[in-house]
Every structure is written in C-alpha cells, then in structure tokens.
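Asks: Before we start, here is the structure in question, set down as structure tokens.
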Amino acid sequence: MAEDKILEVKELKKHFRVGRNKTVKAVDGVSFDIYRGETFGLVGESGSGKSTTGRTIIRLYEATGGEVKFDNEDVHGKKSKEELLKFNRKMQMIFQDPSSSLNPRMTVMDIIAEGLDVHKLVKDEKERKERVEELLEVVGLNKEHASRFPHEFSGGQRQRIGIARALAVEPDLIIADEPISALDVSIQAQVVNLLKKLQKDRGLTYLFIAHDLSMVKYISDRIGVMYLGNLVELADSDELYNNPLHPYTKSLLTAIPLPDPEYERNRERVAYDPSVHDTSEEPKFREVSPRHWVLCTTKEFEQYKIELESK
Ligand code: ADP
Ligand code: MG
C-alpha cells in the first residue's frame, strides 16, 4: 500500500458541556492518519468516544480542539460554503441505525437522490432516476424499490439504502459508524462483504467503527483502540491481534467470542484495571515497534519493548 494519507487527525478534541458546569471529554486528544484505500478500524467499548470522533471529523460536531486534514487541506478552519460543500461530498457517513437515519416520510428515490440534488450532479429527472436505480442495483436492491418508504424494508435492506445514499455523491472516504451492530448476525456478513466489494470496485477508504474486535479484525488493515476519549493503541490488524500491549486492548481481545461453547463457558474474562499503570508521568503515544503505537509512560514503553522482543 502506498502511504498516501487521505485523512490526518491531530490532537482532536470534542468536549460537551452538560448542565451548567459539567464537561464530558468525549474525545480528548486523538491523533491518527488514514491512508488512501485502506480500512481503518476504530474500536472500544460503548461510551469511549468512537461516534463522537467520527462525527467531529465529518463536521457534524464542531471540534473543541485539534486539526483534521483531508487530502492535505484543513477541514475545520474557516471555510467558504463552496469549500464545505466539496468536503461534504468527499466524506460520507453511514450510521448504526438506518431506521433513525433515513427520513421515514421520504421515498427511497428521494433519500438516495438527496446528495445528487444538493451537489447538482444530475441534469434532469430522467438522469436522477437512472442514477438512483443504478445505485440500488450496486447495493443489491432492485429498481422497483425506489418508490417505497424505509419502513417497508428489513434492517439489512435499510442499511443498503444508507450505503447507496452515501455512494451517490461518489465520496473518497466513508465513515461507517457501527454499520452492522443493529443487524441480525446472519445479515452482518452480507453487509460487510458488500462494503468490501464496493471498496475494491471504487477504491474507497473506510473509517470503520465497531465496539467488538472480531468483525473489525476481519475488515481492517489497521486498528485503533479507544478508551475514555483517548487512543490507547494503534497497529496493523494482525500485529494488534497477535501482540496486544496495552492492558485495555488485551482485555478487549479476551472478549472476542470463540465458536467453541465449552471454551466459552469456562473462560474468564479479563477485566481492564486502569490502576496497573505507571503514574510517574503523563502517558504519551509512542511507537514501540514500527507502526505499532501505544499510549504509555517511558517506563511502560521500555517494558512493552521487552515484552515484544520476548515473543
Ligand atoms: P461511543 O460511540 O464509543 O459509544 P460516544 O462518542 O457516543 O461513544 O460517546 C462518548 C461520550 O460522550 C459518552 O460519555 C457520551 O455520553 C458522551 N456524549 C456523546 N454525545 C454527546 C452529546 N451530544 N452531549 C453530551 N454528551 C455526549
Ligand atoms: Mg457510538
């Protein structure tokens, strides 16, 4: 893979004010790059700040601090309407729950064509219809579906509609926020395989958000692990899976279910205990081996290096 950065996220922060004087630091200084054509998986338990990271990158939320660059251009600085529209076209988002992200009063045709209209990508009604029908086919639905409403579809089909809507404007980067978590297990693999095929055919780049590591490992080239608003570890998928270093990543990995029910009954889940950390200094994100980053203190850094060497 050519290391061509499509997205650079530097020290991104998103703090929410709740009530009169409480602040939730949902994202608190997260940095990572995404390379063109890859799938970057972002994992972590519920509430760790994954969705807020995705939503802030795409400017659904205004960042509290930090920087986001898309194709080497600052996305979060002062921008003209035209520039914002351009970014809005290049980055699209797919949401976890297609039922709440698709307007129930709009036909599938109008839902999918929304981006085509906003960005004036079709010249007339006929071309609009053709584009939508083509997109329906691309995501495994058929053109007769265009006149129906979202509630007439199953969860998996609704997610396909969400994917078609995102694809309509021909984005380069898609942020998929737990796109399969709300679906039946039997449907999950179909949607993941569709996403993979689309990536191959269209050279798409994905930021794929999930709360468990099993599907993310299958789809991602690299994985970042989030815990309480911070990235605690980042590595190539295989490396992260085979040589996890941060105790939180280790505990997440023990939570991946295995197909053997006997093993499942007997195994012990390793809970993450944050008190195991060295507190002599503020932890920093450090590269323990090439492309393998861990949030750690200098002392932990030395320990992790020894741990890797002894494998
Ligand atoms: P995840 O997607 O990993 O489950 P979120 O990004 O949704 O995590 O949430 C991270 C933290 O930010 C949580 O504590 C959540 O309650 C809080 N949070 C998310 N969105 C808002 C909001 N709009 N207002 C206030 N707090 C929020
Ligand atoms: Mg979320």
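No value in this document is a laboratory result; all are computed from the given coordinates. Note that the structure is a prediction, hence the values are computed from the model and not measured. Note that we place each Cβ from the backbone using ideal geometry, even for glycine, and neighbour counts take in every protein chain shown.
Asks: For region 2-78, state which GluC sites (Glu not before Pro) are in a DSSP loop and have at most 10 other beta carbons lying within 10 Å of their beta carbon. Mind dumping the intermediate values first?
Replies: Details: sites: Glu3, Glu8, Glu11, Glu38, Glu45, Glu62, Glu67, Glu73; in loops: Glu3, Glu38, Glu45, Glu62.
Listed in order of number, the matching sites are Glu3, Glu62.
Asks: Ok, one more. Can you give me the relative contact order of the chain as a percent, contacts being Cα pairs under 8 Å and 6 or more apart? Intermediate values should be presented prior to the final figure.
Replies: Working: 555 pairs, mean separation 61.7, N = 311.
Dividing the mean separation by the residue count of the chain yields 20 percent.
Asks: So if R0 is 30 Å, what FRET efficiency would Gln303 and Glu3 give, r being the distance between their Cβ atoms, rounded to the nearest 0.05? Please report the intermediate quantities before stating the final value.
Replies: Values: r = 29 Å, r/R0 = 0.97.
It comes out at approximately 0.55.
Asks: What number comes out for the charge environment of Glu170, summing +1 per Lys or Arg and -1 per Asp or Glu over other residues with Cβ under 13 Å away? List each step's numbers first, then the result.
Replies: Values: positive: Lys86, Arg89, Lys90, Arg131, Arg165, Arg202; negative: Glu134, Asp172, Asp201.
Net charge in that neighbourhood comes out at +3.
Asks: With springs connecting C-alpha atoms under 10 Å apart, model the chain as a Gaussian network and identify which of Asn72, Asn21, Asn103 has the largest mean-square fluctuation.
Replies: Of Asn72, Asn21, Asn103, the Gaussian network model singles out Asn21 as fluctuating most.
Asks: Give the dimensionless ratio obtained when the Cα radius of gyration of region 5-243 is divided by 2.2 N^0.38 Å.
Replies: Numbers: Rg = 17.8 Å, N = 239, 2.2 N^0.38 = 17.6 Å.
Cα-based Rg divided by the globular estimate yields 1.01.
Asks: Which of the lysines could a cross-linker bridge to Lys123, judged by Cα under 25 Å and excluding same-chain residues fewer than eight apart?
Replies: Straight-distance partners of Lys123: Lys81, Lys86, Lys90, Lys143.
Asks: Restricting the count to DSSP beta bridges whose residues both fall in the chain, what percent are antiparallel, rounded to a multiple of 5?
Replies: On the way: 31 of 49 bridges.
Antiparallel bridges: around 65 percent, rounded to the nearest 5.
Asks: Are there trypsin sites (Lys or Arg not before Pro) in region 4-66 that DSSP puts in a loop and that have at most 11 other Cβ atoms within 10 Å, and which ones?
Replies: On the way: sites: Lys5, Lys10, Lys13, Lys14, Arg17, Arg20, Lys22, Lys25, Arg36, Lys50, Arg55, Arg59; in loops: Arg20, Arg36, Arg59.
Of the trypsin sites (Lys or Arg not before Pro), the ones in loops of region 4-66 whose Cβ has at most 11 other Cβ atoms within 10 Å are Arg20.
Asks: For region 106-253, go through all pairs of different Cα atoms, get the mean of 1/r, take its inverse, and jot down that Kirkwood value in Å. Before the final figure, lay out each step's value.
Replies: On the way: mean 1/r = 0.0593 Å⁻¹.
Result for region 106-253 stands at 16.9 Å.
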